[in-house]
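*Asks:* The structure's right below; bear with me while I get my questions together.
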Amino acid sequence: MAETSMNIPTVDLHDLSSDDPARVERGAAAIREAFGVFGLVYVKNHGVDAAALERYYDAFGAFIGWSTEAKKPYGRADLWYQRGWTPPNTEVAVAGNGQPDFKECYFAAPYPPDESSALEFPRLYPDNLWPPDAPAYFQDGLLTLGRALHEAGLALLRGAAQALGLPTTAFTDPCARGPHVTRALQYLPLKPDQVNTGILWGEEHTDFNLLTLLPGGRFLDPQARPAGKPDEQSGLYLRTRATPEEPKGRLVRGTAPAGCIVAQVGQQLEILTGGTFLATPHVITAPGVPGWQRQSAAHFMHVHTSTVLFPLPKFRTPEVVEAYAPPVLAGTYDIKTLVDIGLAPAGALDQLGYRHYDRLNRMRTDGTGA
């Protein structure tokens, strides 16, 4: 895969929280460029403990090593895989070529679900699901990671609002009590006959949430031991914004500087900013050698399900309104996208709209419509 080397900005969260206006503006400027051009920023002083992350990956790898039968009770299609284990060949990228992603996952919410929202959207706010005999640090590790990433994300969202001249809480208020979820991922080893055949660990796509936080992953060699990258072709690539000179954008390797995490713009943030910040098209390529795996994690921040997704007033030019109309309820948007990517069944769309048309027929036929 072609790679262009470009200077993706790094934002220091200490700058954003500083009392020095010059430091705050330095952080805001980094966000404006990073989210505006690349849809992605590197983040330092983020609060994620590297040793704890490694410990969690060990625990997650032990769970992935269980037999399919042992993991099966935690693969809950009835929850649209929003909690627990996602089996291989389940999720499909909307803009991809129809190849299911070559991975296994585990989902958990870092904070208890909002009770009133769970009544409205039960499959977006389910309780967490934990194996009673899970490996040590499996539960605590994922929750600790998710909360650290969430706090870093809130700081970034406040900085993003400042970068655009908006009230500091313009993006954090809508995501209060949202259906945030943290996901551990294990990309699967390719067999010798699968290598260099076009199989991707993750098809090119954009995330449908507000902001995605990536703490960095690690490769596992054919003996399942942590190791350096197997070759130059495997890893995360992102596609930059299209320009008249480069209408296809540029593919850029997303390699964070040492000690940094990555934050990516999701579709919800793109919509709210009217395209000022673009959702990041990204792809996870598989290595050109067999037997290697990769472990990673992601925290997905969402606006609350009752939020109306539409560009904020500051961005509503006629062109922007045309591009992002009509407004849509975030919870409805979430359901539609989960159907599109294969995690929710097509029948989930039947929940949208009025569901009581049969009442009149029952009243007219047998009087049971009361």
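The values are calculated or read from the model by the stated rules, or taken from the named source; none is laboratory data. It should be emphasised that the depicted structure is a prediction, and the values quoted were computed from it without experimental measurement. Every residue, glycine among them, receives a Cβ derived from its backbone with ideal geometry; neighbour counts consider all protein chains shown. What goes into the accessible areas is simple: the full protein's heavy atoms, side chains included, and nothing from ligands, DNA or RNA. Shrake-Rupley method; radii C 1.70, N 1.55, O 1.52, S 1.80 Å.
*Asks:* At a threshold of 8 angstrom on Cα-Cα distance, excluding pairs fewer than six apart, so keeping six or more, what relative contact order does segment 220-267 reach in percent?
*Replies:* Relative CO of segment 220-267 lands at 25 percent.
*Asks:* How large, in percent, is the carbon and sulfur part of the accessible surface of the chain at a probe radius of 1.4 Å?
*Replies:* Taking all protein chains in place, the chain shows 54 percent carbon and sulfur surface.
*Asks:* Accessible area per residue for segment 319-361 in Å², computed with a 1.4 Å probe and the full protein assembly in place, what is it?
*Replies:* Details: 2600 Å² over 43 residues.
The answer is 60 Å² per residue.
*Asks:* Whole Å is fine, so just give me how far the alpha carbon centre of segment 119-133 lies from that of segment 71-88.
*Replies:* 11 Å
*Asks:* Please list log₁₀ I(q)/I(0) at q = 0.20, 0.29, 0.30 Å⁻¹ for segment 35-94, using the Debye equation with identical point scatterers on the alpha-carbon positions.
*Replies:* -0.94, -1.13, -1.17
*Asks:* If you don't mind, there's one more thing I want to ask. Excluding same-chain pairs closer than 8 in sequence, count the lysine pairs in the chain whose Cα atoms lie under 19 Å apart.
*Replies:* Close lysine pairs under the 19 Å cut-off: 5.
*Asks:* Work from the charge dipole of the chain (Cβ charges, +1 for Lys and Arg, -1 for Asp and Glu, about the Cα centre) and give the residue of 21, 189, 84 farthest towards its positive end.
*Replies:* 84
*Asks:* Now for a different question. Expected output is a single nm value to one decimal: the length gained when fully extending between residue 22 and residue 241, i.e. 0.36 nm times separation in residues minus the C-alpha distance. What is it?
*Replies:* Once the chain is fully extended between residue 22 and residue 241, it gains 76.0 nm.
*Asks:* For segment 130-213, just list the percent of Cα-Cα distances falling in each 5 Å bin from zero outward, please.
*Replies:* Per 5 Å bin, starting at zero, the Cα-Cα P(r) for segment 130-213 comes out as 3, 10, 16, 15, 14, 13, 12, 9, 5, 2, 0 percent.
*Asks:* Given all pairs of different Cα atoms, what value in angstroms does the Kirkwood hydrodynamic radius of the chain take?
*Replies:* 21.6 Å
*Asks:* Based on the alpha carbon coordinates of segment 268-370, what radius of gyration and maximum Cα-Cα distance (Dmax) apply, in Å?
*Replies:* Using the Cα atoms of segment 268-370, the pair Rg, Dmax is 20.8, 68 Å.
*Asks:* Run the dipole for the chain about the Cα centre, Lys and Arg Cβ at +1, Asp and Glu Cβ at -1, nothing else charged, and hand back the magnitude in debye, nearest 20.
*Replies:* Dipole of the chain, to the nearest 20 debye: 240 debye.
*Asks:* Now for a different question. Estimate the FRET efficiency between residue 364 and residue 68 by the formula 1/(1 + (r/R0)^6), using the beta-carbon distance for r and 35 Å for R0, to the nearest 0.05.
*Replies:* The value I calculate is 0.10.
*Asks:* By what distance, in whole Å, do the Cα atoms of segment 1-150 stretch along each of the three principal axes, largest value first?
*Replies:* The principal-axis extents, from largest down, are 55, 38, 37 Å.
*Asks:* Let me ask something else. Viscosity 0.692 mPa s, temperature 37 °C: what is the translational diffusion coefficient of segment 93-184 from Stokes-Einstein with a Kirkwood Rh over Cα pairs, rounded to a whole number of µm²/s?
*Replies:* 211 µm²/s
*Asks:* Specify the inter-centroid distance of segment 40-58 and segment 267-292, based on alpha-carbon positions, in whole Å.
*Replies:* Taking the Cα centre of each part, segment 40-58 and segment 267-292 sit 19 Å apart.
*Asks:* Now a separate question. So what is the 222 nm mean residue ellipticity for the chain from helices alone, if each DSSP H run of at least 4 adds -39500 (n - 2.57) and you divide by all residues, rounding to the nearest 500 deg cm²/dmol?
*Replies:* That calculation yields -8000 deg cm²/dmol at 222 nm.
*Asks:* Averaged per residue, what accessible surface does segment 1-152 expose to a 1.4 Å probe, in Å²?
*Replies:* On a per-residue basis, segment 1-152 sits at 47 Å².
*Asks:* For segment 317-370, max minus min Cα coordinate along each principal axis, in Å, sorted largest first?
*Replies:* Projected onto the principal axes, the Cα atoms of segment 317-370 cover 53, 30, 12 Å.
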